[in-house]
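Derivation of every value follows stated rules applied to the coordinates shown; laboratory data play no part. A quick note: this is a predicted structure, and the numbers were derived from the prediction, not measured. Note that we place each Cβ from the backbone using ideal geometry, even for glycine, and neighbour counts take in every protein chain shown.
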Amino acid sequence: MKYIAKRILQFIPTLLLITLITFGLTRIAPGDPVESRYKENVGIEKGMIVDSIVYRSLSHEMGLDKPVFYFTIHPQPVSIFYLPRFHWNGSDNQYQHWLFGIMKGDFGTSYSDQRTVADKLATPLLITLAMSLSSMLLSFGLAVPLGVYTATHRGSRLERLITNSLFAFYAVPLFWLATLAVVFLTNNSYSLKIASVGLEDLPSDASGWVKIVENIPHFILPVACISLHSLAFIARQMRGSMVEALEQEYIKTAKAKGLGRGAIVWKHAFRNSLFPLITLIGQSFSAVVAGSLVVEIIFNIPGMGWEAYKAVNQNDYPMVYAVVLLGAIMTLTGSLIADILYRWANPRL
């Protein structure tokens, strides 16, 4: 518990640094959220002049008329005798208001449609969680036994067939695999239509879980594409680690003692070959929230990846902050779980 508490405390400065970097990048990104919202509400065409009075009013309403950070750096003439001049803006700045809101559980209001970020991300988050967790369970559940089998049956015909097939799946780009699935498995022209692209239209007051349950058939192909692409890499990592473990001296000692094949493979070799698998599990946590932008766009699924893509294009800063922060928290959580599993797999660490 002391080790876990220490690791969690180390997350705080990391998260603060991530928020600072994200905040700074969104401020230097091209585009003006006030102008985008004005043109969207009023419906004027691109290139027309935005009314200055309305612009200032919207900027004040969105909180963008406040200083960006605690201080401002004013450049001075280039000379060794002139240093940059710092101006202190105080605590009434955009970064502090956003950070304190996050601490209270308030992610702010979306600039694009004035909905709260929490409400806007609730359903996409559930959709991405359902897809990501399903693909993780499927890919790891199949990759582990495949990796162990190919490592313990090297040279057999079935092993060569499985290894070559996994290599082929690993070499196929995910966007191409998803595109093939859409063309051949969702099209009546090929008489192979087993699913549809997109999600069913349900009442707006339906809960996120209801939408997920009603759209389970629409998740089959996206989950299969993500799982197949991940399965190949995970299985090959598992195979390589098992092959290395089976060649260690303690395995030879276990065989000399007369231990059964099952005990040697699963009790001794498997546990000591888990390190690459644990690393992959820890790295997969970020994808649980971030989702797969490629798959979501190709299959027209409004998940977190799709929402993040729209938010970046619309300069919707609160949405970008929320997505990045959730991804960072899940990444750090995956790192913590991986460290704990490392200790379980090998207490000597």
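Quick check: the angle from helix 94-103's long axis to the longest principal axis of the chain, C-alpha only, nearest 10 degrees? That works out to roughly 50 degrees. Estimated from the Cβ-Cβ distance and a Förster radius of 45 angstrom, the FRET efficiency linking V210 and V54 is about 0.65. Ratio of Rg to Rh for segment 91-137: 1.16 [Cα atoms; Kirkwood radius as inverse mean 1/r over pairs]. Using alpha carbon centroids, what distance separates segment 245-318 and segment 103-136, in Å? Comparing the Cα centres of segment 245-318 and segment 103-136, I get a distance of 24 Å. Full extension of the segment from E249 to D339, taken as 0.36 nm per residue of separation minus the current Cα-Cα distance, would add 29.8 nm. Please work out, to two decimal places, the log10 of the ratio I(q)/I(0) at q = 0.13, 0.19, 0.24 Å⁻¹ from a Debye calculation in which every Cα of segment 212-316 carries one identical scatterer. The calculated log intensity ratios at q = 0.13, 0.19, 0.24 Å⁻¹ are -0.66, -0.96, -1.22. For GluC sites (Glu not before Pro), the sites in segment 241-337 that DSSP calls loop and that have at most 13 other Cβ atoms within 10 Å are E247.
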